[in-house]
Protein chains: 2
Amino acid sequence: MILTVTLNTALDVTYAVPALVPHSSHRVGEMSERPGGKGLNVARVLSALGHETVVTGFVGGSTGAVLRELLAETGHAGTGASAAGAGPSAEAGAGSSAEAGTAAMAPPPRDALVTVAGNTRRTLAVVDRSTGDTTQFNEPGPQVSAGEWAAFLRTYEDLLSGADAVALCGSLPPGVHVGAYAELVRLARTAGVPVLLDTSGEPLRRGIAARPDLVKPNADELAQLTGAREPLRAAHDARRHGAHSVIASLGADGMLAVTPDGAWRASPPAAVQGNPTGAGDSAVAGLLSGLAEGLSWPDRLTRAVALSTATVLAPAAGEFDGPAYAGLLPRVGVERLAPAA
Amino acid sequence: MILTVTLNTALDVTYAVPALVPHSSHRVGEMSERPGGKGLNVARVLSALGHETVVTGFVGGSTGAVLRELLAETGHAGTGASAAGAGPSAEAGAGSSAEAGTAAMAPPPRDALVTVAGNTRRTLAVVDRSTGDTTQFNEPGPQVSAGEWAAFLRTYEDLLSGADAVALCGSLPPGVHVGAYAELVRLARTAGVPVLLDTSGEPLRRGIAARPDLVKPNADELAQLTGAREPLRAAHDARRHGAHSVIASLGADGMLAVTPDGAWRASPPAAVQGNPTGAGDSAVAGLLSGLAEGLSWPDRLTRAVALSTATVLAPAAGEFDGPAYAGLLPRVGVERLAPAA
């Protein structure tokens, strides 16, 4: 089982409007809602890949109730990835194109969220149909009490005992201490469970000091963390700060990995046009599933780049295009980099 | 008891952001939620004025559940109008200033909403703190089935038997026929209950043909309805179409009334700065409460103009400033107009 932690879950709402005109009134043409927060997005992709997945974190109030209801409905068939040759057996170079459509129907991520008194936040994406651009509004999230944090820690430790890997994802809700991820990294390491950390700012800085197995910053987050603008140098710096492996996502340029076993750069076969929302979460799912399956670094990176590229290509934000994923797997380029000076 | 009908209720959500920048991401600083839809706003003001009020219409889904919960909490104390000298006894020229603060604690409007399978809509107002401007997003509302409409009609007829007056307010949700307000006007007239209609477009046009006691269009709605740009001429036209009395709201210029008893113009003592959201709903509450109390037309108009002006002055959108209301009552100017040619 793979565990994902989303401390600040969200109900992701999308409004489509013909054109966004500030200080005017808009009739919303179409709206959609789905469970959100990075760890929930990662879990949805893991589930579509055929992995048994459990989600924990905080949920509460009427928004939280809607989130849980939608989460229970998240099946393989409902994700838009149902045509994917996307099971754990669909490896890079292992005949994945031929296997498209054969993936098992995975169950939805299992809900092990911890209930809080406050109301789960919403995020609102207003899509301007005239330009395709998105304007985003993020609510802050519920206040989490010390008692609620303690209840979460008990749940987390119970779940770790059955986990093959754990991902700690996203921002912290109000009331959770800034060293929270460092605490969760240490508990995972004590339990012997490989841990991936995907956050930013001070929570990332403190989390890295607790020596997680993987961190997956983007280029901006990495630069903010280390002060170095050049991603390869910054990734080496982040390793020195405590991360065993650093996987930097470089947008359309793919990913850069600096690990104890060497450094690699993985690139999609060509630049693609589409919606990058959720591409980073798909990359985390690719890395984490590859880790749980014992894949080599080049195969993990191949999967992560193919998944994130197939996410940009999917019509719905945050979903991945299954056939595109299967087609991309054999076409991702992975280059080994020279050891650092 | 005064009945208000809101077929397309809404949960009104407000987000405050430092500045609205299209195609960027915003952290929402403050958010608030309150029961909305014109008839619910009217009921809240009637309740603050000390009137026993019942609300009906449609409500459903998780948003509807939140709306009902907040509606039950709507007390006089919670409206921001708790300091109002705003009871039925606080008449124009009847020492209302001296009575400020003495209004009875009114109970919240009684919930007689009819449950539907669909989800009640939200409206979102994004307030740009740098300019004070608001950008509005309105969801369409739930699909209402024929069976749900029939259930509503039974509730409506039951409620009419105990009503002193009824207000029919706002837009129609999807699935409700365009002649819905005409049907509701006829039922009220059959029951002998005075009926006020506050809507726009084709539902207003058809509703007027059913001969409501009052309509309260704004200048734009009136022009759209009759083709006449000049409000006095347009109001006379609307009467010829079937409305017994036409009260046109003219924004900062006050209100114009054309009735079987004569025509009047009522004006606030001075132009005021503030948020006009809900001013029209407060005017409806003023007219309806004056009708239920048997006030003269000049006194009804005085109350409507004082309430809508006090709503513009209140810090919270849609609330009215109680002391300002009491202070405005003796200062509203009412001028009798010459009979139409």
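If you take every DSSP beta bridge fully contained in the protein assembly as shown, what fraction is antiparallel? Give it as a percent rounded to 5.
Working: 52 of 122 bridges.
Here the antiparallel bridges make up roughly 45 percent for the protein assembly as shown.
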**Fill in**
For the pair residue A:241 and residue B:240, the simple spin-label estimate (label points 7 Å beyond Cα toward Cβ) gives in nm 7.7
**Item:** Estimated distance in nm for a label pair at residue A:338 and residue A:133, the labels positioned 7 Å out from Cα along Cα-to-Cβ
**Value:** 4.3
**Request:** Treat the count of other C-beta atoms within 10 Å as a stand-in for reagent exposure and order A:299, A:281 from fewest to most.
**Result:** A:299, A:281
**Request:** Under 1.5 on a/c is rounded, so check that first for segment A:144-206, then, if it is not, pick prolate when a/b is larger than b/c and oblate when it is not; a ≥ b ≥ c are the square roots of the alpha carbon gyration tensor eigenvalues.
**Result:** oblate
**Message:** Quick check on chain A: helices-only [θ] at 222 nm, where DSSP H runs of length 4 and up contribute -39,500 (n - 2.57) each and the sum goes over total residues. Nearest 500, please.
**Reply:** -10500 deg cm²/dmol
**Request:** May I ask you to list the lysines whose Cα is less than 25 Å away from that of residue A:216, ignoring any residue fewer than eight positions away on the same chain?
**Result:** A:38
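Using DSSP to call loops (not H, G, I, E or B), can you name the trypsin sites (Lys or Arg not before Pro) in segment B:215-267 whose Cβ has at most 11 other Cβ atoms within 10 angstrom? Numbers along the way, then the final one.
Details: sites: B:229, B:233, B:239, B:240, B:265; in loops: B:229.
Qualifying residues, ordered by number: B:229.
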**FRET efficiency, residue B:177 to residue A:229 (Cβ-Cβ, R0 51 Å, nearest 0.05)** = 0.20
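Which shape class, rounded, prolate or oblate, goes with segment A:113-242 when its Cα gyration tensor gives a ≥ b ≥ c as root eigenvalues, a/c under 1.5 marks rounded, and past that a/b bigger than b/c marks prolate?
On the way: a/c = 1.98, a/b = 1.06, b/c = 1.88.
Taking the square roots of the gyration eigenvalues as a ≥ b ≥ c, segment A:113-242 is oblate.
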**Item:** FRET E, pair residue B:117, residue B:253, Förster distance 60 Å, beta-carbon r, rounded to 0.05
**Value:** 0.85
**Prompt:** Nearest-5 percent of antiparallel DSSP beta bridges in chain B?
**Reply:** 45
**Request:** Rank-order B:117-127, A:107-117 by packing density, defined as the average count of other C-beta atoms within 10 Å over each peptide's residues, highest first.
**Result:** B:117-127, A:107-117
**Message:** When a/c reaches 1.5 or more, the comparison of a/b and b/c decides; with that in mind, is segment B:1-62 rounded, prolate or oblate per its Cα gyration tensor?
**Reply:** prolate
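Pairs of Cα atoms under 8 Å, at least six residues apart: use those to get the relative contact order of chain A, whole percent.
On the way: 830 pairs, mean separation 59.9, N = 341.
In percent, rounded to a whole number, it is 18.
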**Complete:** Quick calc, residue A:145 & residue A:189: beta-carbon distance into FRET formula, R0 25 Å, rounding 0.05, result 0.40
**Simple label model, 7 Å out from Cα along Cβ direction - residue B:30 to residue B:261, nm** = 4.2
**Prompt:** Given the options A:22, A:269, A:260, which has the most mean-square fluctuation in a GNM of chain A, springs set between C-alpha atoms less than 10 angstrom apart?
**Reply:** A:22
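No value in this document is a laboratory result; all are computed from the given coordinates. Since we're looking at a predicted model, the values are computed, not measured. Reconstructed Cβ throughout: ideal geometry from the backbone, glycine too, with neighbour counts over all protein chains shown.
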